[in-house]
Amino acid sequence: MSQGTLYVMEQSPRSFILADLVKHFKLDVKITTEKDGAYNAKFPLGKTPAFIGPKGYALTETIAIASYLFSLVPKEQLGGLLGKNAQQYASIMKYLSLFNQEWIESVVPCFKMAIGQWPFNKKVNDENLKKLDILATSLETRLSEFTFLVGERLTYADLFVAAALTFGLSTILGAPFLKKFPHIARWFNTVSKAPFWEGRLSTYKPADPPMAFTPAKKEKKEKAPAAAAAAAAPAKKEAKAADEEPAPAAAPKPKHPLEALGKPKAPLDEWKRTYSNEETREVAIPWFWKNQYDPEEWSLWKVDYKYNDELTLTFMSNNLIGGFFNRLSASTKYMFGCMVVYGENNNNGITGAFLVRGQDYAPAFDVAPDWESYEFTKLDASKDEDKKFFDNMLAWDEPVVVNGEKREISDGKVFK
C-alpha cells in the first residue's frame with residue numbers, strides 16, 4: 001500500500017530536500033509537481049510542499065512533513081540524522097525552524113526586489129541583508145569550532161540548512177558570501193557531497209556575481225548656459241511687475257500609443273475568461289481562432305529571451321518572466337501572451353507567444369525597460385508550424401523545438 005503523495009515545487013529548498021529524503025530512503029511515496037483534485041480539496045491555500053497520506057491524512061509545512069517521513073524510516077537506517085539524544089534532536093529542530101523562517105523569509109524579499117518582481121525599497125532590502133549577515137555570523141562561529149551543526153556527525157540540520165542556503169547563494173549572496181565566511185564554505189562543501197543528495201549538489205556553483213537591484217538610468221537635464229540665464233533674469237523681473245496670466249493647465253497624461261487604433265471588434269476580456277476557465281486544447285484554443293483572432297486588428301509574435309546562455313536555475317528563469325510581465329502591465333489591455341521555460345537547471349531557455357493589438361510589437365512592449373532583452377518574430381497563422389507553436393504556448397503540453405531539438409517545458413507564466 002502506498003505511503004502517500006508528496007506535492008513539491010522542484011526548485012524550492014523546502015521541497016527538494018523532502019523529495020531527496022523520500023528517494024534516499026526509498027520510501028513508497030509518490031512525488032509530483034502537479035496539483036490534482038485531491039490536492040485542491042485538501043489544500044485551498046495552494047502551498048507546497050504538501051503531503052497526503054493513507055486515509056486522507058494531510059500535512060503542510062516542510063518541518064512537519066519531514067517529521068512524518070522520518071517516522072516511516074526504520075530506526076536502524078536513520079544513523080545519526082536525527083541526533084543521538086533528546087538534546088541533539090532539539091538542537092536539530094532549532095536550526096530547522098531558524099533557517100526555514102528567518103533565513104528564507106529574509107532572502108525572498110531581496111531576491112524579488114533584485115529581479116523587479118517587487119518595487120525596490122532600500123530600507124527593507126538593507127534590513128533583510130543585515131539579518132542574513134547576523135545569521136551567517138552565528139553559523140560561522142559555530143562551524144569555526146565544530147565540523148557540523150549538531151555534534152560531530154552529519155544530521156538533518158546540516159542537510160536542511162545547506163538546502164536553505166542554496167537559494168541565497170544562487171541569487172543575492174553568491175560567491176562573495178562564501179569568501180566572507182570560510183568556515184561556512186568548508187562546511188557547505190562537505191555537506192554537499194553527502195550521499196543523501198544523490199548528486200544534486202555535486203556540481204553546484206554559487207552566483208558570481210550575485211544578483212543586485214539595478215536602478216533605471218535617469219536622463220540628465222541640460223543646464224541652461226550662464227549667459228542665457230543672466231539674460232533671462234531681467235525678463236523674469238518684468239514678468240513679476242506685469243499682470244501675469246494664469247499658468248496653463250498641466251498637459252494631460254499621455255495616452256498609450258495603441259489607444260489610437262480604437263476599440264477592436266473583439267476586446268480581450270472574454271478571451272481571457274475563456275482561457276482561464278475552460279480546457280485549453282478542447283475549448284479555449286478553438287474559441288480563440290473562431291472568436292478572437294482577426295489578422296486585421298491583431299498580430300501574433302514569437303518572443304525569445306536573447307541571453308539564454310546566462311540562465312541558471314529554472315525557477316529563476318521563471319521569475320525573470322514574472323518580472324518582465326510586471327513591467328508590461330501598462331499594456332495589459334492591448335495584448336495577451338504566454339512565456340515558458342524549457343530545459344533543466346543550467347541548461348534552459350525562455351520563449352513564448354503573444355497576441356498584440358495592431359501590426360507592430362514595439363508600442364506594446366516598449367513600456368518595459370528590459371524589452372530589448374527579447375527578440376520578436378512575427379508569426380503567420382496561415383502557416384501550420386507557426387500556428388502549432390502559438391497553440392503550444394497556450395497549452396504547454398508538448399515539447400518546444402529549439403534548433404531541431406525537442407526540449408520539455410518546465411515552467412511558465414501567463415500575461416493577462
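The values are calculated or read from the model by the stated rules, or taken from the named source; none is laboratory data. It should be emphasised that the depicted structure is a prediction, and the values quoted were computed from it without experimental measurement. All Cβ positions, even for glycine, are placed from backbone atoms using ideal geometry, and neighbour counts span all protein chains on display. Ligands, DNA and RNA are excluded from the accessible area calculation, which covers all protein heavy atoms including side chains. Shrake-Rupley method; radii C 1.70, N 1.55, O 1.52, S 1.80 Å.
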message: Among the residues that make up the stretch 347-366, is at least one of them more than 19 Å from Y307 (Cβ to Cβ), touching a helix residue (DSSP H, G or I) at 6+ places or on another chain (Cβ under 7 Å) and open to solvent by 50 Å² or more (accessible area, probe 1.4 Å)?
response: no
field: Residue that is modelled with the lowest pLDDT [pool: residues in the stretch 103-113 that are open to solvent by 10 Å² or more (accessible area, probe 1.4 Å) and over 18 Å from P49 (Cα atoms)]
entry: K112
- request: Considering only the stretch 398-416, state which residues are among the hydrophobic types (A, V, I, L, M, F, W, C) and open to solvent by less than 60 Å² (accessible area, probe 1.4 Å).
  value: V400, V402, I409, V414, F415
Unique residue being among the small types (G, A, S), over 22 Å from S410 (Cβ atoms) and under 26 Å from the mean Cα position of the chain (by Cα) when the list is S331, S317, S299: S331
query: Can you name every residue in the stretch 376-396 that is open to solvent by 40 Å² or more (accessible area, probe 1.4 Å) and either under 21 Å from the mean Cα position of the chain (by Cα) or of a type in the set (S, T, N, Q) (or both)?
result: T377, S382, W396
- prompt: Of (1) part of a loop (DSSP other than H, G, I, E, B); (2) charged (D, E, K, R); (3) under 27 Å from R200 (Cβ atoms), E398 satisfies all except one. Which?
  reply: (3)
- prompt: Any idea how many residues of the stretch 51-70 are among the small types (G, A, S) and over 26 Å from the mean Cα position of the chain (by Cα)?
  reply: 4
task: Scan the stretch 141-160 and give yes if some residue there is part of a helix (DSSP H, G or I) and within 20 Å of D208 (Cβ to Cβ), otherwise no.
output: no
query: From the set of residues in the stretch 62-77 that are open to solvent by 50 Å² or more (accessible area, probe 1.4 Å) and either in contact with an Asp or Glu (Cβ under 9 Å, 6 or more places away or on another chain) or in contact (Cβ under 8 Å) with a residue 12 or more places away in the chain (or both), which is farthest from S2 (Cα to Cα)?
result: Q77
query: Out of all the residues in the stretch 178-191, is one or more in a loop (DSSP other than H, G, I, E, B), open to solvent by 20 Å² or more (accessible area, probe 1.4 Å) and not assigned by the TED database to the domain that holds I17?
result: no
- line: Within the stretch 304-314, residues being within 19 Å of T203 (Cα to Cα), buried (at least 19 other Cβ atoms within 10 Å of the Cβ) and touching a residue at least 40 places away in the same chain (Cβ under 8 Å) number 2
Candidates K47, K23, K35, K55 - the one that is assigned to a helix (DSSP H, G or I), open to solvent by 60 Å² or more (accessible area, probe 1.4 Å), farther than 25 Å from P195 by Cβ and basic (K, R): K55
query: Does Y342 satisfy being touching a residue at least 40 places away in the same chain (Cβ under 8 Å), crowded, with 23+ Cβ neighbours inside 10 Å and in the same structural domain as S276 (by the TED database)?
result: yes
field: Residues satisfying the stated conditions in the stretch 114-128, i.e. among the aliphatic types (A, V, I, L, M) and either touching a residue at least 40 places away in the same chain (Cβ under 8 Å) or crowded, with 18+ Cβ neighbours inside 10 Å (or both)
entry: A114, I115
